[in-house]
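K.L.:
I have a structure I would like to understand better, so I am pasting it below and will then ask my questions one at a time.
The values are calculated or read from the model by the stated rules, or taken from the named source; none is laboratory data. This is a predicted model, so every value here is computed, not measured. Cβ placement follows ideal geometry from the backbone for every residue including glycine, while neighbour counts extend to all protein chains displayed. All accessible areas refer to the heavy atoms of the entire protein, side chains included, with ligands and DNA or RNA removed. Shrake-Rupley method; radii C 1.70, N 1.55, O 1.52, S 1.80 Å.
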Amino acid sequence: MSLLSVRNLSVAFPTQNGWFQAVEGIHLEVNAGDILAIVGESGSGKSVAMMAVMNLLPPTARITCDELKIDGQDLLAMPAKQRRKLNGGTVSMIFQEPMSSLNPCFTVGYQIDEAIRIHLGGSKKERTERVLHLLEIVGIPDPIRRYKAYPHQMSGGMSQRAMIAMALAANPKLLIADEPTTALDVTVQAQILELLLKLQQTQGMGLILITHDMGVVAETAQQVVVQYAGQQVEKQPVFGLFNTPHHPYTAALLDALPERAPVGDFLPTIQGIVPGQKDRPLGCLFSPRCTHAQALCREQQPPLVREAKEWLRCYYPLNLAEVSHG
Amino acid sequence: MAEVLRAVNLQQEYRARQGLLQKPLMVRALNGVSFSLNAGETLAVVGESGCGKSTLARSLTLIETPSAGELWLAGKPVNTATKPDAALRQRIQMVFQNPYGSLNPRKTIQQMLEEPLLLNTPLSSEQRRAAVADMMSRVGLRPEFAERYPHMFSGGQRQRIAIARALMLKPQVVVLDEPVSALDLSVRAQILNLLTELQQDLGLAYVFISHDLSVVQRIADYVMVMYFGRAVEYAAAQTIFSHPQHPYTQALFSATPVAEVGEKRERIHLQGEPPSPLRPPQGCPFGPRCAYVQDICRKEVPALRELNGAQVACVRAETLNEPSLPNISARLL
Amino acid sequence: MKLFADDAWRTTWNYFKESKGGLLGLGFLGLVMFCVIFADIIAPFDPSLQNRDALLLPPIWTEAGHWPYILGTDAVGRDVLSRLIYGARYSMFIGFVVVSLAVIVGTLLGLLAGYYQGWVDTVIMRLMDVILAFPSLLLALGLVAVLGPGLVNAMYAIALVMLPHFVRLTRANVLSEKNRDYVVASRIVGASNWRLMFNSILPNCMAPLIVQATLSFSNAILDAAALGFLGMGAQPPIPEWGAMLAEAREFISRAWWVVTFPGLAILLTVLSINLVGDALRDALDPRMRRS
């Protein structure tokens, strides 16, 4: 049984000029012990999709979904109150800005304690012991002193560790990390990623890593979902994605990375920009920027096709012996 | 090639208030940085937040006058003690990290791009208009968009506007403060290519401030690694990427994730975080996090010295075992 | 210098019109402005014309009331409706002059304080603290007592009382704007302090100032009415609404209309301005906008 299963999730927001389709047709499946990365540029809907899973979007958002199950429980049939209980319990989330995710008015210990109180309960003494234990496993030195520290007394790296401790308070089965290291320095980023991987293994959690950094993906993920303009364009195991990308967008994105580009003065680029609400093309959303686009791509949106463990939304995939049409 | 920028022992101090009644403490954000840069070359300044790289940018562009040290622009000394000469100031311009904050939301592109000309040249309004149109097409923007406001452009286009503004006065040196780190991946390459193209055409010298080593490796001629307000290693890009000598440089390279899936490489595990400028450590500032630290390191702050074609601020650099090179530098050569 | 882009005006209006209260307030203010402009044409009587045959006549819908005194007459036989219509001129004039004075001086001081900081800041802000330390109406009363009663002096006094709000608001905005990258960018290309203050920073601080000015407009009318009521503002026979209330005070028990209608006029005008101000704040504040 999969830990998280999402079928055909779409999210739209009302704007002055009608509905804006932020997420369109996402399929996800995460098992215990899996590390899934969702990569995409800004506006690709990667965060919005996860916020929809966590039920954190404003009520004006229109969310449609064929199936949304966490740990076998059907979220679509669940009352809102029960769903809220799931957050922080079975599923936890950490965010990009550790400094603004912690409440500056309360001590770190108090905030972690609160998370435990809500989900696990227990006596004050038991809870305090658990807080200290959590601070220790996320690698915060001198937990007893840090228990009483306020967020502003800690560095960015320490705050993110505290956030992780809080997310782990109720032994979640699934942890969603939304750009957890983007605001941190390289050496601290390495520490935090290492910590997340270690915890994921020891606790047997499923981990969803939302990021735009291909380097982080390559070094941590097992499965990778690539998003473009709200759509899922490709899903592959990490090795395949980096060595034989099928979608032209993935391939072009990887080619444009300074460390992967061929030697020379200029980098290969993707012309143009991501389509906005007003200039969405008729066919494939990537077709105006795609060097492989044909007439069919401009006329009709390619469907998302499943092939064993891979998903793909393209009529003319690259690096594939056999072309499979939808 | 002609030297266009030289910094000698630049220092920048700030006053840090501790409490209401305590004496304010002097904090050195920049602690003696020296380098020289030729026309058409790029010096990359690398380091983590708080290492002094942004302070360096502010000192070089004379937003803040350095508290000590010398600055030479195009062979002329910049008087850092008094208000800098306007003509000299025009020769060094800057591009900021965040194109959403660096463009005035209430001004059109035309107004923003012609401001430098309006303030520094006797050009007529038609001449200015022509110069703006010329510069816009040069950086890949349609000149018809001159009357538009910044919010009507995407992040990449805004950064093109910011670059155009920096070039309006035909500077010789451009300080680029993380110019692509706020941009999306697919746009990043476009802007980097534009910068390369402009450098080749106009013979610009770049001071490229960045934390992204893969970008630095791509465009830098020289690299200066900074830690705690000092340069810890300064060398030609090829030298430093193929043979990093300072333990911090090695750790930094090793911590940078690389977008390639292959054999797992050994990481250098760096413990802790950079020290607080209010409580500088004894001796080498990297000492508390360094795996090779010995008593000699705690005695005094190591100075930069020549070693294997690079300048390294580590007393033990010769004795260190070279770690297995991170992929990132292996691929450069 | 253009404070807003053309399309910025349009977006602001698009957001503004979503607020029903704001539209309602704008509608009523339109009516008041109509009275201000066309008072000579629409008012049935001269505001100081006394009719000795019609003293304290009640409004037309009561049994004793009769045409053409729609809202009745006051103790000396002047038409209440005409006085209200002409009074709108005074209220709008007071609001406009007081707010303009406070905005111009306040913005300038706030800009200097926020931009230069140091001793300039200290001097200006402590001075403002002193003004704020007085109860505002008491300070205005004291000033009028020194300067001599009258509408113009009352307006000076009210403007001074309002000054600190504008200074503080401008200063706070300048402090947050002046270290933004676009200001630094202008400095690098050689912009002078003067240019940075007025050309780069000030236009980006205008939105909250416009809102504060709108809300102060109603305060100015209220304060002027209060001073008029206390006999320190507009002097008889000027048909200023507050002064009208003061004159009618002694008839409050037997002729309700002479008190009620000026009071109602003040209430509705102030309410409308506040509604417009609130709607404007929501429309100008990007955080309130739905993306």
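K.L.:
I'd like to compare B:151-160, A:43-52: which one has the highest average count of other Cβ atoms within 10 Å, and what's the full order after that?
P.N.:
Top of the packing list down: A:43-52, B:151-160.
K.L.:
Using only Cα atoms and rounding to the nearest 10 degrees, what angle (0 to 90) does helix C:256-284 make with the longest principal axis of chain C?
P.N.:
So the inclination is approximately 20 degrees.
K.L.:
Give me the percent of accessible area attributable to carbon and sulfur for segment A:119-164, probe 1.4 angstrom.
P.N.:
Roughly 57 percent of what the probe reaches on segment A:119-164 is carbon or sulfur.
K.L.:
A follow-up question, please. Under the definition of Cα pairs under 8 Å and six or more residues apart, what whole-number percent is the relative contact order of segment C:184-291?
P.N.:
RCO, segment C:184-291: 26 percent.
K.L.:
Another one. Chymotrypsin sites (Phe, Trp or Tyr not before Pro), restricted to segment C:193-260: which are DSSP loop and have at most 13 other Cβ atoms within 10 Å?
P.N.:
Answer by residue number: there is no such site.
K.L.:
Hey, another quick one. Ordered by residue, what ³J(HN,Hα) values in Hz, to whole numbers, does segment A:142-149 give under the Karplus form 6.51 cos²θ - 1.76 cosθ + 1.60, where θ = phi - 60° and Gly and Pro are x?
P.N.:
6, x, 5, 6, 5, 4, 9, 7
K.L.:
Further question: On average, how much accessible surface per residue is there in chain B, in Å², for a 1.4 Å probe, leaving out ligands, DNA and RNA?
P.N.:
Computed with neighbouring chains in place, this is 42 Å² per residue.
K.L.:
Let me ask another. Counting only protein heavy atoms and a 1.4 Å probe, tell me what percentage of segment B:68-140's accessible area is made up of carbon and sulfur.
P.N.:
52
K.L.:
Further question: So for the protein assembly as shown: antiparallel DSSP bridges make up what percent, rounded to the nearest 5?
P.N.:
Around 60 percent of the beta bridges assigned by DSSP in the protein assembly as shown are antiparallel ones.
K.L.:
Okay, moving on. Can you give the accessible area buried between chains A and B, summed over both chains, with a 1.4 Å probe, in Å² to the nearest 100?
P.N.:
3500
K.L.:
Next up: Which percent, to the nearest 5, of DSSP beta bridges fully inside chain B are antiparallel?
P.N.:
Around 60 percent of the beta bridges assigned by DSSP in chain B are antiparallel ones.
K.L.:
Next question. Please determine, in degrees from 0 to 90 and to the nearest 10, the orientation of helix C:20-42 with respect to the longest principal axis defined by the Cα atoms of chain C, where the helix direction is its Cα long axis.
P.N.:
Tilt of helix C:20-42: around 60 degrees.
K.L.:
On to the next question. Any idea how far the Cα center of segment C:64-107 sits from the one of segment A:184-220, in Å?
P.N.:
Distance between centres, Cα-based: 70 Å.
K.L.:
Right, something else. From the backbone phi of segment C:68-82, what are the Karplus-calculated ³J(HN,Hα) couplings (6.51 cos²θ - 1.76 cosθ + 1.60, θ = phi - 60°) in whole Hz, Gly and Pro given as x?
P.N.:
Each residue's phi maps through the Karplus curve to give x, 8, 4, 9, x, 10, 9, 5, 10, x, 8, 6, 5, 4, 4 Hz.
K.L.:
Let me ask you something else. Using θ = phi - 60° and the Karplus curve 6.51 cos²θ - 1.76 cosθ + 1.60, what whole-Hz ³J(HN,Hα) does each residue of segment A:284-301 get, with Gly and Pro shown as x?
P.N.:
Each residue's phi maps through the Karplus curve to give 4, 5, 8, 4, x, 9, 8, 7, 9, 5, 10, 4, 4, 4, 7, 9, 9, 6 Hz.
K.L.:
Which of the three applies to chain B, rounded, prolate or oblate, going by the alpha-carbon gyration tensor with a ≥ b ≥ c and a/c under 1.5 meaning rounded?
P.N.:
Prolate, because a/c is 1.5 or more and a/b exceeds b/c.
K.L.:
Is segment A:189-228 rounded, prolate or oblate when judged by the Cα gyration tensor, a ≥ b ≥ c being the square roots of its eigenvalues, rounded requiring a/c under 1.5 and prolate requiring a/b larger than b/c?
P.N.:
Oblate, because a/c is 1.5 or more while a/b does not exceed b/c.
K.L.:
Once both axes come from the Cα atoms, what is the angle between helix C:136-147 and the longest principal axis of chain C, in degrees from 0 to 90, rounded to 10?
P.N.:
Compared with the principal axis, the helix lies near 80 degrees.
K.L.:
Near the amide H of B:Leu30, under 5 Å away, which other amide H atoms are found, from residues 5 or more places off or on another chain, if H is placed in the peptide plane?
P.N.:
B:Gln12
K.L.:
Give A:Lys278/B:Lys53; A:Lys125/A:Lys198; A:Lys46/A:Lys124; A:Lys81/A:Lys309; B:Lys23/C:Lys178; A:Lys46/A:Lys173 a once-over and call out the pairs whose C-alpha atoms are over 29 Å from each other.
P.N.:
A:Lys278/B:Lys53; A:Lys46/A:Lys124; A:Lys81/A:Lys309, as the Cα separations exceed 29 Å there.
K.L.:
May I pose another question? Per residue in segment B:244-292, which ones lose no less than 20 Å² of accessible surface when going from chain alone to all protein chains (1.4 Å probe)?
P.N.:
Listed by number, the residues meeting the 20 Å² cut-off are B:Leu252, B:Ala255, B:Pro257, B:Val258, B:Ala259, B:Glu260, B:Val261, B:Lys264, B:Arg267, B:His269, B:Leu270, B:Glu273.
K.L.:
Turning to a different aspect of this structure: May I ask you to list the residues of segment C:88-121 whose amide nitrogen lies under 12 Å from a point 7 Å from Cα along the Cα→beta-carbon direction of C:Gln235?
P.N.:
Nothing falls inside the zone, counting backbone N under 12 Å.
K.L.:
Further, regarding this structure: Probe of 1.4 angstrom, ligands and nucleic acids ignored: what's the accessible area per residue over chain C, in square angstrom?
P.N.:
48
K.L.:
Let me ask something else. For segment A:36-81, report the accessible area per residue in Å² (1.4 Å probe, heavy atoms, rounded to an integer).
P.N.:
Computed with neighbouring chains in place, this is 45 Å² per residue.
K.L.:
Just the number, please: buried accessible area between C and B, total of both chains, 1.4 angstrom probe, nearest 100 square angstrom.
P.N.:
2000
K.L.:
Tell me, what is the Rg over Rh of chain C, with Rh the Kirkwood radius over Cα pairs?
P.N.:
Computed over Cα atoms, the ratio is 1.06.
K.L.:
In chain A, what percentage of the DSSP-assigned beta bridges are antiparallel, given to the nearest 5?
P.N.:
Here the antiparallel bridges make up roughly 60 percent for chain A.
K.L.:
Could you list which residues have their amide H under 5 Å from that of B:Asp85, counting only those 5 or more apart in sequence or on another chain, with H placed in the peptide plane?
P.N.:
Counting only residues 5 or more places away or on other chains, the set is B:Asn79.
K.L.:
So, counting K/R as plus one and D/E as minus one, what does the shell of residues with Cβ under 10 Å around B:Glu41 add up to?
P.N.:
-2
K.L.:
Looking at segment A:145-189, which residues lose a minimum of 30 Å² of accessible area between their chain alone and all protein chains in place, measuring with a 1.4 Å probe and not counting ligands or nucleic acids?
P.N.:
A:Asp185, A:Val186, A:Thr187
K.L.:
When the Cα centres of segment B:254-323 and segment B:169-242 are compared, how far apart do they sit, in Å?
P.N.:
After rounding, the separation between the Cα centres reads 22 Å.
K.L.:
For B:Leu307, what residues show an amide H to amide H distance below 5 Å, using hydrogens built from the backbone and excluding near sequence neighbours?
P.N.:
B:Val312
K.L.:
If you average the C-alpha positions of segment A:23-44 and of segment B:92-124 separately, how far apart do those two centres end up, in angstrom?
P.N.:
When both Cα centres are located, 41 Å separates them.
K.L.:
Ok, one more. Decide, for segment C:143-291, between rounded, prolate and oblate: order the square roots of the alpha carbon gyration tensor eigenvalues as a ≥ b ≥ c, take rounded if a/c falls under 1.5, and otherwise choose prolate if a/b is larger than b/c, else oblate.
P.N.:
Taking the square roots of the gyration eigenvalues as a ≥ b ≥ c, segment C:143-291 is oblate.
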